[in-house]
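Novice: Shown below is the structure under consideration.
Derivation of every value follows stated rules applied to the coordinates shown; laboratory data play no part. Given the structure is predicted, the values throughout are model-derived calculations rather than measurements. Here the Cβ is made from the backbone with ideal geometry for all residues, glycine too, and neighbour counts use every protein chain on show.
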Amino acid sequence: GGIITQTPKFLIGQEGQKLTLKCQQNFNHDTMYWYRQDSGKGLRLIYYSITENDLQKGDLSEGYDASREKKSSFSLTVTSAQKNEMAVFLCASSMNSYEQYFGPGTRLTVL
Amino acid sequence: GEKVEQHQSTLSVREGDSAVINCTYTDTASSYFPWYKQEAGKSLHFVIDIRSNVDRKQSQRLTVLLDKKAKRFSLHITATQPEDSAIYFCAASMGNYAQGLTFGLGTRVSVFP
């Protein structure tokens, strides 16, 4: 088995701040994803990466940057945090298949 | 792009009864339809899926039905138990697994004694 680790678990930021979320997986999966989960809005895809150094935009990529530094890690940056923003960011991975494994999430609050 | 609609936001069911959650999708190119479960305070985990080359798939107490003509799929949970209480998300993939999933908004299932 494997595990997906997301850091930090909770992230509190200030309006306009650049914030970085990190994800690590030890499944040796090729593809990694970042989703945003808002209350009452389900999950929306922000970025995905099919291999190291690859980046593909999802439906919600505006306001975010991502980086796939190596196969096991995928970072997401909120380029300018919005006041009163609250969401959970979920990282997932998959191995050349549809089934995705999700991490525990990072809960973002912007003051 | 693809849109997935999940028709019930909440569903209450008596323990031992069956629960059915319905979803519809818009893109005829979608060919993979998974279901995920999110228990309170936890992340999502995969429960069952169906591909467009079949119209029914069963795994223990879970059955997924797919009606491609109506662009509709559903999750059936039989003999519900308290541990089935969770938010269930349906999703669809537009054909290329790597492009990620489009999720519905989720259905909160509550199983009461």
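Novice: Quick one: of the DSSP bridges fully inside the protein assembly as shown, what percent are antiparallel, nearest 5? Write out the running numbers ahead of the final one.
Specialist: Values: 73 of 82 bridges.
Approximately 90 percent, going by the DSSP bridge assignments.
Novice: Still on this structure, please answer the following. For B:Ser9 paired with B:Ser52, estimate the spin-label separation in nm (one decimal), with each label point 7 Å from Cα along the Cα-to-Cβ line.
Specialist: So the label points at B:Ser9 and B:Ser52 sit 3.1 nm apart.
Novice: Order these by the 10 Å Cβ neighbour count, fewest first: A:Leu111, B:Leu105.
Specialist: Values: A:Leu111 11, B:Leu105 19.
Ranked by crowding around the Cβ, least crowded first: A:Leu111, B:Leu105.
Novice: Hey, what do the phi angles of the stretch B:13-29 turn into as Karplus ³J(HN,Hα) couplings, whole Hz, using 6.51/-1.76/1.60 and θ = phi - 60°, x for Gly and Pro?
Specialist: 9, 6, 3, x, 7, 9, 10, 10, 10, 10, 9, 10, 9, 10, 9, 5, 7
Novice: Give, to the nearest whole percent, the P(r) tail of the protein assembly as shown beyond 33 angstrom, counting all Cα pairs. Can you show the working numbers first?
Specialist: Details: 4027 of 24976 pairs.
For the protein assembly as shown, the fraction of Cα-Cα distances above 33 Å is 16 percent.
Novice: Give me A:Glu52, A:Glu62 sorted ascending by neighbouring Cβ count inside 10 Å, so fewest comes first. Each step should come with its number before you reach the end.
Specialist: Details: A:Glu52 14, A:Glu62 8.
Taking fewest neighbouring Cβ atoms as first place, the list is A:Glu62, A:Glu52.
Novice: Kindly count the pairs of lysines across the stretch B:1-110 whose alpha carbons are less than 21 Å apart, treating pairs on different chains or eight or more residues apart as eligible.
Specialist: On the way: B:Lys3/B:Lys37; B:Lys3/B:Lys68; B:Lys3/B:Lys69; B:Lys3/B:Lys71; B:Lys37/B:Lys57; B:Lys57/B:Lys68; B:Lys57/B:Lys69; B:Lys57/B:Lys71.
Summing the qualifying lysine pairs gives 8.
Novice: Next up: From zero up to wherever the largest Cα-Cα distance of chain A sits, split into 10 Å bins and tell me the percent of pairs in each.
Specialist: Histogramming chain A at 10 Å steps yields 16, 51, 28, 5 percent.
Novice: Using a Gaussian network model of chain B whose springs link C-alpha atoms within less than 10 Å, name the residue from B:Ser74, B:Ser30, B:Ser59 with the highest mean-square fluctuation.
Specialist: B:Ser59
Novice: How many nm separate the modelled label positions at A:Glu52 and A:Ser73, each set 7 Å beyond the Cα in the direction of the Cβ?
Specialist: 1.2
Novice: How large is the Kirkwood hydrodynamic radius of chain B, in angstrom, based on all distinct alpha carbon pairs? It would help to have the intermediate numbers written out before the result.
Specialist: Numbers: mean 1/r = 0.0712 Å⁻¹.
Over chain B, the inverse of the mean reciprocal pair distance is 14.0 Å.
Novice: Express in nm, to one decimal, how much length is gained between B:Ala29 and B:His76 on full extension, taking 0.36 nm for each residue of separation and deducting their alpha carbon distance. Write out the running numbers ahead of the final one.
Specialist: On the way: separation 47, 0.36 × 47 = 16.92 nm, distance 2.39 nm.
Extending this stretch completely gives an extra 14.5 nm.
Novice: Which of A:Tyr48, A:Tyr64, A:Tyr35 moves the most in a Gaussian network model of chain A with Cα springs under 10 Å?
Specialist: Among A:Tyr48, A:Tyr64, A:Tyr35, the largest mean-square fluctuation in the Gaussian network model of chain A belongs to A:Tyr64.
Novice: Would you please give the FRET efficiency between B:Lys42 and B:Val20, computed as 1/(1 + (r/R0)^6) with r the Cβ-Cβ distance and R0 = 30 Å, to the nearest 0.05? Walk me through the numbers on the way to the answer.
Specialist: Working: r = 23 Å, r/R0 = 0.78.
Computed FRET efficiency for B:Lys42 and B:Val20: 0.80.
Novice: Where does each of B:Met94, A:Met86, A:Met32, A:Met95 land when they are ranked from fewest to most other beta-carbon atoms within 10 angstrom?
Specialist: Numbers: B:Met94 18, A:Met86 11, A:Met32 29, A:Met95 15.
Ranking B:Met94, A:Met86, A:Met32, A:Met95 by Cβ neighbours within 10 Å, fewest first, gives A:Met86, A:Met95, B:Met94, A:Met32.
Novice: Here is a further query. Between the stretch B:38-63 and the stretch A:10-57, how far is it from one alpha carbon centroid to the other, in angstrom?
Specialist: Between the Cα centre of the stretch B:38-63 and that of the stretch A:10-57, the gap is 23 Å.
Novice: Over all pairs of distinct alpha carbons, what does the Kirkwood formula give as the hydrodynamic radius of the stretch B:34-82, in Å? Don't jump to the answer; show the numbers that get you there.
Specialist: Values: mean 1/r = 0.0842 Å⁻¹.
Its Kirkwood hydrodynamic radius stands at 11.9 Å.
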